[in-house]
Amino acid sequence: MGGMHVYTPWWLDNKKLDFPRGYHIEYGGGFGMPLYGFQWGVENLNGRYIVKGKQKQPGGYGASLKEDYRFFYGAHVGMAGRGEAIAREDSYCGIDPKVVDKFGIPVLRFHTTYTDYEIKQAKHMHETFSEILGAMGAIITWGHDDGPQNNWGLHSPGNIIHEAGTVRMGNDPKRAALNKWSQAHDCKNLFCVDGGPFVSQADKNITWTILALSMRTSEYIVDEMKKQNI
């Protein structure tokens with residue numbers, strides 16, 4: 001059986017924390033034998049964690065390897081945090097002046113960094129996950145060595161799913177690519193109704209909001225066409 005997707009929404013009061021916004025937790029797991037050579041490879045486990053009081057070399061063979069398989073066999077669970085990065089004016093994308101794709105079209109160049117808010121949020125995730133897994137009696141085999149040296153395990157911006165942004169909406173053409181109807185300021189018959197108009201991605205999935213804005217924009221297009229404005 002499969003298809004599990006357990007989810008914990010944001011549950012805390014930011015007034016009591018050192019960062020704004022929040023994150024949700026996604027869980028994954030299963031029950032199976034460690035594999036060898038890829039994914040949950042036993043060589044990534046037995047050379048890293050003490051097995052029955054002994055520190056071993058990664059991999060191995062024979063009776064020792066059998067012992068390790070039996071030791072690590074069992075249920076495993078993982079936790080992943082998905083948080084919101086704060087929208088900032090100095091995070092933007094532009095046309096790369098030098099790089100083009102295979103069709104000769106200039107590609108986008110992104111300018112963005114994390115702030116202390118996102119790093120503190122990731123630290124809170126790490127501490128929360130460690131507390132939960134520790135209370136469960138789990139042996140933490142991944143992510144436990146994240147810390148200030150790698151921003152508590154934060155991935156590079158744009159590395160996760162459900163990304164949004166790059167053509168934000170706003171009333172001022174100098175500060176936004178789209179108006180409030182998701183219509184381009186510089187091209188009246190161009191509309192963007194995906195995740196592009198968002199200035200940030202909340203810890204909730206934006207699909208329903210995309211659908212709502214798409215419906216709103218569609219009604220606006222019909223109305224403007226009847227008026228022969230577009």
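The values are calculated or read from the model by the stated rules, or taken from the named source; none is laboratory data. Keep in mind the model is a prediction, meaning the values are calculated, not measured. Here the Cβ is made from the backbone with ideal geometry for all residues, glycine too, and neighbour counts use every protein chain on show. For the accessible areas, the whole protein counts, side chains as well, though only heavy atoms, and no ligand, DNA or RNA atoms are used. Shrake-Rupley method; radii C 1.70, N 1.55, O 1.52, S 1.80 Å.
Among residues other than V51 whose Cβ falls under 15 Å from its Cβ, what is the net charge (Lys/Arg +1, Asp/Glu -1)?
Net local charge, V51 excluded: +3.
Can you find, among G41, G83, G60, the residue farthest towards the positive end of the dipole of region 35-102? Put +1 on the C-beta of Lys and Arg, -1 on that of Asp and Glu.
Positive-most Cα among the choices belongs to G60.
Consider the candidate values [x] 18; [y] 22; [z] 44; state which one is percent of Cα pairs over 31 Å apart computed from the structure displayed.
Working out percent of Cα pairs over 31 Å apart from the coordinates points to [z].
Could you tell me which of V99, Y69, T112 has its Cα farthest along the dipole of region 1-150 towards the positive end, charges placed at Cβ (Lys, Arg +1; Asp, Glu -1), taken about the Cα centre?
Of the candidates, Y69 comes out farthest on the positive side.
Which of the GluC sites (Glu not before Pro) across region 130-230 are loop residues per DSSP, with 15 or fewer other Cβ within 10 Å?
Passing both the DSSP loop test and the Cβ count: E163.
My understanding is that a pair violates if its Cα-Cα distance is over 31 Å; which of K174/K227; K102/K226; K102/K180; K120/K180; K15/K188 do that in this structure?
K102/K226; K102/K180; K120/K180; K15/K188
Ignoring everything except DSSP H segments at least 4 long, calculate the 222 nm mean residue ellipticity for the chain; use -39,500 (n - 2.57) per segment, divide by total residues, nearest 500. If you can, show how the numbers build up before the last one.
Values: 3 runs with 52 residues, N = 230.
Rounded to the nearest 500, it is -7500 deg cm²/dmol.
Add +1 for every Lys or Arg and -1 for every Asp or Glu among the other residues with Cβ under 10 Å from the Cβ of G81, and state the total. List each step's numbers first, then the result.
Numbers: positive: R82; negative: E26, D203.
In short, -1.
Quick one: if the Förster radius is 35 Å, what FRET efficiency do N159 and Y61 give, using the C-beta to C-beta distance and rounding to 0.05?
0.45
Let me know the charge dipole size of the chain about its Cα centre in debye, to the nearest 20, where only the beta-carbon of Lys, Arg (+1) and Asp, Glu (-1) is charged. Please report the intermediate quantities before stating the final value.
Working: 25 positive and 25 negative charges, 28 e Å.
Dipole about the Cα centre, nearest 20: 140 debye.
What does the charge add up to near K204, with Lys and Arg as +1, Asp and Glu as -1, over the other residues with Cβ less than 10 Å from its Cβ?
-1
With the full set of protein chains in place, find how many percent of the accessible area of the chain is carbon and sulfur; take the probe as 1.4 Å. Numbers along the way, then the final one.
On the way: 8950 of 15580 Å².
Of the solvent-accessible surface of the chain, carbon and sulfur hold 57 percent.
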